[in-house]
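I have placed the structure first, in the form of C-alpha cells, so that the comments after it can refer back to it.
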Amino acid sequence: MVVINLRIREEIIGKEVLNGQAEVLGRVKDVEANEETNEIESLILSKGGISESLGLSSNEVIVPIEQVKQIGDKILLVNKIESILI
C-alpha cells in the first residue's frame, strides 16, 4: 500500500518503468489513486517518443500498483507486463 500525497505524486511522475526482464516500458505519465483512502491504485505509463511529446500518441499502459516491486530512481515491476493498453 502506497499512500499518495502531492510530493509523492510529483516524485513518481516522469520515472522510467522497467519490467521483470529489465525492459523499459515507458515513463510514468500519471498516477491513479483512490479518492477516499489516497492509496495509489495504478500507474499510467506513456511510451514516449516524438508523437507523445506532441500529444498525438495515445499509447498508454496502466500498471496496477500490485505489480510494482520497488520505487527508486526507476520503478521496477515484479513480472513482465504484456500489453495492458487503454
Residues of segment 36-59 satisfying the condition of being open to solvent by 40 Å² or more (accessible area, probe 1.4 Å), assigned to a loop (DSSP other than H, G, I, E, B), modelled with pLDDT under 85 and not aliphatic (A, V, I, L, M)
THR37, ASN38, LYS47, GLY49, GLY55, SER58, ASN59
Search segment 60-86 for residues being part of a loop (DSSP other than H, G, I, E, B) and farther than 17 Å from GLY14 by Cβ, and hand back the single one that is modelled with the highest pLDDT.
VAL78
Can you name the residue in segment 9-35 that is outside any strand (DSSP E or B) and small (Gly, Ala, Ser) and, of all such residues, is surrounded by the most Cβ atoms within 10 Å (Cβ to Cβ)?
GLY20
Go through segment 8-24 and give me each residue that's of a type outside the set (D, E, K, R) and modelled with pLDDT of 90 or more.
ILE12, ILE13, GLY14, VAL17, LEU18
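The values are calculated or read from the model by the stated rules, or taken from the named source; none is laboratory data. Remember, predicted model here, so these are calculated numbers, not experimental data. Ideal geometry is used to build each Cβ from the backbone, glycine not excepted, and the neighbour counts take in all protein chains shown. Heavy atoms of the whole protein, side chains included, go into the accessibility calculation; ligands, DNA and RNA do not. Shrake-Rupley method; radii C 1.70, N 1.55, O 1.52, S 1.80 Å.
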